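Here is the structure we will look at, set down as structure tokens.
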Amino acid sequence: DAYISPVSLRSSWFKYLTALYWSFATVSTVGYGDIFPYTNLEKCYTIVAMFCGVLLMSFISGKLITVIATLFLNQSRFQAFM
């Protein structure tokens, strides 16, 4: 009898979703952790949550940089006027 890997018995959708979860966890630097999603629904939720987290952090970083740039612009205008 030939050995059949449990991974080869999985559906293509399960493999694709697992690969998508892995790429999102890697790119968003969330990591893999000790607790991880196993079902398709858990993976979909985790992918959406990571995507929302990345969007939120990008928005906050962008706003913070805009505030800092505005402060430096106002300071340089004030010094040029004096």
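Any read-out appearing in this document is the output of simple, stated calculations on the displayed coordinates, not a laboratory observation. Computed from a prediction, not measured in an experiment: that's the story for all the values here. All Cβ positions, glycine included, derive from the backbone under ideal geometry; neighbour counts span all protein chains shown.
Quick notes
- Model label zone, LEU55; criterion: amide N under 17 Å from point 7 Å along Cα-to-beta-carbon; scope the stretch 21-41: 24-25, 28
- Entry note, the chain: the mean residue ellipticity at 222 nm calculated from DSSP H runs of n ≥ 4, each adding -39500 (n - 2.57), is -25500 deg cm²/dmol after division by the residues and rounding to the nearest 500.
- Taken one residue at a time, the phi angles of the stretch 65-76 give Karplus couplings (6.51, -1.76, 1.60, θ = phi - 60°) of 5, 5, 5, 5, 5, 5, 4, 5, 5, 5, 5, 5 Hz. Gly and Pro are set to x.
- With the simple spin-label model, which puts each label point 7 Å out from Cα in the Cβ direction, the TRP13 to PHE36 separation comes to 2.2 nm.
- The chain: proportion of alpha-carbon pairs further apart than 22 angstrom, %: 52 percent
- Karplus-based coupling profile of the stretch 55-62, in residue order and whole Hz: 4, 5, 5, 5, 5, 5, 4, x, with θ = phi - 60° in 6.51 cos²θ - 1.76 cosθ + 1.60 and x standing for Gly or Pro.
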